[in-house]
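Visitor: To start, I am sharing the structure in question, which I have written as structure tokens.
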Amino acid sequence: MNIFRLAGDMFHLASVLVLLLKIHTIKSCAGISLKTQELYAIVFATRYLDIFTNFISFYNTIMKLIFLGSSFSIVWYMRRHKIVRRSYDRDQDTFRYIFLMFPCLIFAIFINEKFTFKEVMWTFSVYLEAVAILPQLVLLQRTRNIDNLTGQYVFLLGAYRAFYILNWIYRYFTEDHYVHWITWIAGLIQTMLYGDFFYYYFQSWKNNVKLELPA
């Protein structure tokens, strides 16, 4: 554990709390992509198959439980809650994520560090997380009406991954034989996908105007 990894985890946790705050307090999921939330639920379900069999630390286990529980609860709220689900923009959130999942699974089967079921599923989760934000970004471009909590949610997700890259750089120079090309490349691609959003987010903050993404 180092300061960059801890900061990344805290940004990730904050993104979840902001989204839950929006859903619980405002009773709205407007501007949130259910497709992205379902992809994140799949990411955590396939990544944490070892949650009860491979104990690393109390902190690690708690964070796994938080991300698993929150991702599935968000999906439930958006699909089943009688008030929250009314605000879901089904007509705009039409990204067909099977075209993300299938290639990620193929890549995981053929490009992994060890060909076992758990390792392939873990690798699949890494590839899928790299592109899981795409339906959300597409939805924001289509609607263009981005409220503060939704903007903060996406920003915090991007910041989480950016700090993880700093964590990897730090560990590369401070630990022997620390090389994980699959994680590094997937994480770099994931961070690059936030590039346009970061630019317009900081522009809106600097100019004190409402955040809008170009169509």
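The values are calculated or read from the model by the stated rules, or taken from the named source; none is laboratory data. In this text, all values refer to a predicted model and were calculated from it rather than measured experimentally. Counting neighbours? That spans all protein chains shown, and the Cβs are built from the backbone with ideal geometry, glycine included. Protein only, heavy atoms only, side chains kept; ligands, DNA and RNA dropped before computing areas. Shrake-Rupley method; radii C 1.70, N 1.55, O 1.52, S 1.80 Å.
Visitor: Could you report the range 3-207's accessible area per residue, 1.4 Å probe, as an integer in Å²?
Guide: 54 Å²
Visitor: Which FRET efficiency value, to the nearest 0.05, do you get for residue 61 and residue 148 by plugging their Cβ-Cβ distance into 1/(1 + (r/R0)^6) with R0 = 35 Å?
Guide: Efficiency computed from Cβ-Cβ geometry: 0.60.
Visitor: If you don't mind, another one. By its C-alpha gyration tensor, with a ≥ b ≥ c as the square roots of the eigenvalues, how is the range 1-51 shaped: rounded for a/c under 1.5, else prolate for a/b larger than b/c, else oblate?
Guide: Taking the square roots of the gyration eigenvalues as a ≥ b ≥ c, the range 1-51 is oblate.
Visitor: Okay, next question. In nm, to one decimal, how far is the residue 102 label point from the residue 180 one, both placed 7 Å along Cα→Cβ?
Guide: 3.0 nm
Visitor: Once the dipole of the chain is set up with Lys and Arg at +1 and Asp and Glu at -1 on Cβ about the Cα centre, which of 75, 188, 178 lies farthest towards its positive end?
Guide: Of 75, 188, 178, it is 75.
Visitor: In addition: Kindly provide the helix-only [θ] at 222 nm of the chain, computed as the sum of -39,500 (n - 2.57) over DSSP H runs of four or more divided by all residues, to the nearest 500 deg cm²/dmol?
Guide: -23500 deg cm²/dmol
Visitor: Using the Kirkwood radius over Cα pairs, work out the Stokes-Einstein diffusion coefficient for the range 94-150 at 37 °C and 0.692 mPa s, in µm²/s as a whole number.
Guide: Roughly 258 µm²/s, to the nearest whole number.
Visitor: In addition: Kyte-Doolittle mean at least 0.0 and Cα extent at least 27 Å along the axis: which DSSP H helices of the chain qualify?
Guide: 3-26, 58-80, 148-174
Visitor: Between rounded, prolate and oblate, where does the chain land on the alpha carbon gyration tensor, with a ≥ b ≥ c its root eigenvalues, rounded for a/c under 1.5, else prolate if a/b exceeds b/c?
Guide: Taking the square roots of the gyration eigenvalues as a ≥ b ≥ c, the chain is prolate.
Visitor: If we count every other residue with Cβ under 13 angstrom of residue 2's Cβ, Lys/Arg +1 and Asp/Glu -1, where does the sum land?
Guide: Summing Lys/Arg as +1 and Asp/Glu as -1 gives 0.
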